[in-house]
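Some notes on the structure that comes next.
The values are calculated or read from the model by the stated rules, or taken from the named source; none is laboratory data. Note that the structure is a prediction, hence the values are computed from the model and not measured. Note that we place each Cβ from the backbone using ideal geometry, even for glycine, and neighbour counts take in every protein chain shown.
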Amino acid sequence: MLLLALLLVAGNFAWLQIFRVSEREPRAVQVAQQITSIVNLTRSALITANPDKRFDLLRDLSEQEGIQVHAGAPNEAVEPLVDRPFVRLLIAELQRRLGSDTRLLQSTGAAGNVWVNFAIDNVDYWVSMPRERVERTEQLRWIGWGLLVLLLSVIGAFLIVTRIGRALRELTRAAAAIGRGQTPAPVDESGPSEIRTLSHAFNQMSTDLKRLDEDRALLLAGVSHDLRTPLARIRLGLEMIGDKTDPSLMEGMVQDIADIDAVINQFLDFARVSGEQSAATECNLDEIVNTIAERYRRQGVAITARSGKVSRLQLKPLAMQRLLTNLIDNALRHGSAAVEIETSLHDNRVRLSVLDRGPGIPAADAERMLQPFTRLNTARSTSGSGLGLAIVDRIARLHHGSVQLLARDGGGLEARVELPAL
Ligand SMILES: Nc1ncnc2c1ncn2[C@@H]1O[C@H](COP(=O)(O)OP(=O)(O)O)[C@@H](O)[C@H]1O
Ligand SMILES: [Mg+2]
């Protein structure tokens, strides 16, 4: 907006300068012509007028045209006109027309006259005329009009900028919503053609992304679902032939099946989060934490939960449980047995931390681990899908929150989820 306004000011100023310079010479010629006419008419009138009528003539000139003639010298204090390009041009033009000893003076008063000399039979005469004949008197009106034009241009610039700005803000908002994994309502495709094209392309991209996401979710869910049935049959078969084989081999196979099942579960979870549509309700985060911790305790896993008595939040409870389970499972599998959960409130943001004392995640890899199918090399030997943290990240973003994997003071990992407080 400022840039546009500056451009307009500069443009107007340049235009004004060009106008002034190019208009200067024609105006000087025109004014010189007028003065020449006045001087010549006065001189011929003086020469040819009947001596009886001469006084009347001079009085008429004075009363009707403001023109006075004096023999000898001006009857008031005079000085040269201020030296300006226009005045120089005017004097040159006058001297060309009336003779090289022509002089142009002005009275020293504020509302003074302009004086020009001429000679009759070697006698000097001065003719005085109102200043309006030579100079524009209403300079201020010019500036006023210029300012009005400028004001209108700035208002125009403001309108253009707000029109574009509004569209861009809407696009930014929609892009941020896509970043959170939501599908924003199509943005308005109006305004200047470039913005229209951009909005249209954006809407197209938004629908494409949504379809792509749905296709992927469908594919994942389909494959995972179809894998489960044969897997269940294999487990059943194994149990039936159980007694006839080596028990350790048998145990290994059951474990493998459980691992595959867990991976399939993650695939299904990932697909579910992508298409998550359920409404958020007001929930107590500490309650969800306690429920999950209790569930682990029943399986013999000790989990310490420290409640920060955070206020109630808008949450999707099932998704939130999935987020917690994924973080706790990670802490148990990749970290250490002593898992702690903490909730607290920091500047209008609710913080949920899952802490362990394991090897942690190097800071350089932390961001990458939130992508689907990424795992640290140290985890390659354990079973898993690499989807757990991607699911956590998606659930956090569904809640307008974020996930950070931080090095915990004293070693270990702090998986920190931050959600906006109500
Ligand atoms: N608590 C943790 N301590 C150390 N490393 C972790 C922890 N949580 C996750 N990681 C690392 O991040 C990777 C990605 O985790 P995740 O997405 O849950 O996949 P998965 O658990 O299936 O391997 C893990 O493979 C592991 O290398
Ligand atoms: Mg995991």
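Residues in region 313-338 that are farther than 28 Å from Leu376 by Cβ and exposed (fewer than 15 other Cβ atoms within 10 Å of the Cβ): Leu318 only. Please determine, by comparing only the residues of region 308-347 that are more than 19 Å from Asn284 (Cβ to Cβ) and not in a helix (DSSP H, G or I), which one is nearest to ligand 1 (Cβ to nearest atom). So the residue we want is Gly335. Taken together, Leu405, Leu413 contain a single residue that is buried (at least 18 other Cβ atoms within 10 Å of the Cβ), farther than 21 Å from Phe270 by Cα, within 16 Å of ligand 2 (Cβ to nearest atom) and at pLDDT 95 or above, which is Leu413. Checked against (1) more than 13 Å from ligand 1 (Cβ to nearest atom); (2) closer than 22 Å to Tyr296 by Cα, Arg416 meets all criteria but (1). State whether the residues of region 320-330 include one that is assigned by TED's automatic domain parsing to the domain that holds Ala415, within 24 Å of Arg394 (Cβ to Cβ) and away from ligand 2 (no atom under 16 Å from the Cβ). Checking region 320-330: at least one residue is assigned by TED's automatic domain parsing to the domain that holds Ala415, within 24 Å of Arg394 (Cβ to Cβ) and away from ligand 2 (no atom under 16 Å from the Cβ). Picking from residues in region 136-193 that are β-branched (Val, Ile, Thr) and in a loop (DSSP other than H, G, I, E, B), the one that is surrounded by the fewest Cβ atoms within 10 Å (Cβ to Cβ) is Thr137.
Return the residue satisfying two criteria in turn: it lies in region 380-396 and is at pLDDT below 90 and surrounded by 15 or more Cβ atoms within 10 Å (Cβ to Cβ), and of such residues it is nearest to Thr304 (Cα to Cα).
The first filter runs over region 380-396 and keeps only residues at pLDDT below 90, leaving 380-385.
Subset that is surrounded by 15 or more Cβ atoms within 10 Å (Cβ to Cβ): 384-385.
Working: Gly384: 25, Ser385: 27 Å.
Looking at the filtered set, the residue picked out is Gly384.
Within region 392-422, the set of residues being in contact (Cβ under 8 Å) with a residue 40 or more places away in the chain, β-branched (Val, Ile, Thr) and not in a helix (DSSP H, G or I) comprises Val417 only. In this entry, Asp269 passes the filter for residues that are part of a helix (DSSP H, G or I), within 16 Å of ligand 1 (Cβ to nearest atom) and in contact with a helix residue (DSSP H, G or I) (Cβ under 8 Å, 6 or more places away or on another chain).
The set of residues from region 121-135 being modelled with pLDDT under 85 and surrounded by 11 or more Cβ atoms within 10 Å (Cβ to Cβ) comprises Arg131, Glu132, Arg133, Val134, Glu135. Being under 24 Å from Ser353 (Cβ atoms), modelled with pLDDT of 90 or more and in contact with a strand residue (DSSP E or B) (Cβ under 9 Å, 6 or more places away or on another chain) is a description that applies to Leu323.
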